[in-house]
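**Q** Dropping a structure here in structure tokens format, bear with me for questions.
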Amino acid sequence: MTESTLQERIERCPPALQTIIEEFRDAPPRERMEYLIEYAMSLPPLPARYQAQRDGMEQVHECQTPVFLATEVNDNAVHFYLDIPPESPTVRGYASILVEGLDGATPEAVLATPEDVYMLLGLHEVITPQRVRGLHALLGYMKKQVKNRL
């Protein structure tokens, strides 16, 4: 991927996600993993209204870890809620990046976000291909839920 193509893909992301991507891209691979772990610790807790309805949340089956997702669209702003065990820092970290980077974006901005955000972050250089498949699937589920709420 050329540098100009890469920049174009990054610019398709909402501004908050662009900032996170630039932070990761500026870091060497070893630090990217540390950043991912930091993000894992900052995943917001599941709101009480979803804790009682976890069975009603959609499970991302491609992830090795049990990942449950709920999406709300209010006043043209998207909000994602995820339930992921703390023992899964890679998936939690990526989910936290997506939640922080996409929260409050318009449905159109979320849907325009490139499918391979994990590559834009450079995570494919620091995690296994099996984990990458799960990360790729997560954003797909998020987009599908946004489409279903329009």
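Coordinate-derived values only; no laboratory data. Since the structure is predicted, the reported quantities are computational estimates derived from the model, not experimental observations. So basically every Cβ, Gly included, is an ideal-geometry build from the backbone, and we count neighbours across all protein chains shown.
**Q** For the residues Ser42, Ser88, Ser4, Ser96, what sequence is obtained by ranking on other C-beta atoms within 10 Å, fewest first?
**A** Numbers: Ser42 12, Ser88 19, Ser4 8, Ser96 22.
With the fewest neighbours first, Ser42, Ser88, Ser4, Ser96 line up as Ser4, Ser42, Ser88, Ser96.
**Q** If the viscosity is 0.890 mPa s and the temperature 25 °C, what Stokes-Einstein diffusion coefficient in µm²/s follows for segment 17-59 when Rh is the Kirkwood radius over Cα pairs?
**A** Numbers: Rh = 12.6 Å.
Rounded, D is 194 µm²/s.
**Q** On alpha carbon coordinates alone, what is the Rg over Rh value for segment 77-148, Rh being the Kirkwood radius?
**A** Values: Rg = 11.9 Å, Rh = 12.5 Å.
Using only Cα positions, Rg/Rh for segment 77-148 is 0.95.
**Q** Please rank Asp75, Asp103, fewest neighbouring Cβ atoms within 10 Å first, as an exposure proxy. It would help to have the intermediate numbers written out before the result.
**A** Details: Asp75 6, Asp103 16.
By the 10 Å Cβ count, ascending: Asp75, Asp103.
**Q** Describe numerically, in nm with one decimal, the distance between label points set 7 Å from Cα along Cα→Cβ at Thr106 and at Glu11.
**A** So the label points at Thr106 and Glu11 sit 1.8 nm apart.
**Q** Another question about this same structure. Report the convex hull volume per residue for segment 31-119, counting only C-alpha atoms, in Å³.
**A** Working: hull volume 9.3 nm³, N = 89.
Expressed per residue, the convex hull around the Cα atoms of segment 31-119 is 104 Å³.
**Q** So for segment 108-150, taking the charge dipole from beta-carbon charges (+1 Lys/Arg, -1 Asp/Glu), which of Val117, Gln145, Leu135 sits furthest toward the positive end?
**A** My answer, from the dipole projection, is Gln145.
**Q** Now, a different point. Lys/Arg Cβ at +1, Asp/Glu Cβ at -1, dipole of segment 3-148 taken about the Cα centre: which of Thr71, Val126, Leu36 is farthest positive-ward?
**A** It is Thr71, whose Cα lies furthest towards the positive end.
**Q** Same structure again: Mind putting a number on the dipole of the chain about its Cα centre? Charges go on the C-beta only, +1 for Lys and Arg and -1 for Asp and Glu, and I need it in Debye to the nearest 20. List each step's numbers first, then the result.
**A** Details: 14 positive and 22 negative charges, 93 e Å.
Result for the chain is approximately 440 debye, rounded to the nearest 20.
**Q** Rounding to the nearest 20 debye, state how big the charge dipole of segment 63-150 is about its Cα centre with +1 on each Lys and Arg Cβ and -1 on each Asp and Glu Cβ.
**A** Working: 7 positive and 10 negative charges, 60 e Å.
Roughly 280 debye, rounded to the nearest 20.
**Q** Answer with a single label: of (1) 22.1, 68; (2) 14.5, 47; (3) 16.3, 50, which was calculated as Rg and Dmax of the Cα atoms in Å from the structure in view?
**A** (2)
**Q** For segment 3-36 and segment 135-150, what is the separation of their Cα centres, given in Å?
**A** Cα centroid of segment 3-36 versus Cα centroid of segment 135-150: 21 Å apart.
**Q** Could you please rank Asp26, Asp83, placing first whichever residue has the fewest other Cβ atoms within 10 Å of its Cβ? Before the final figure, lay out each step's value.
**A** Numbers: Asp26 10, Asp83 18.
In increasing order of surrounding Cβ atoms, one gets Asp26, Asp83.
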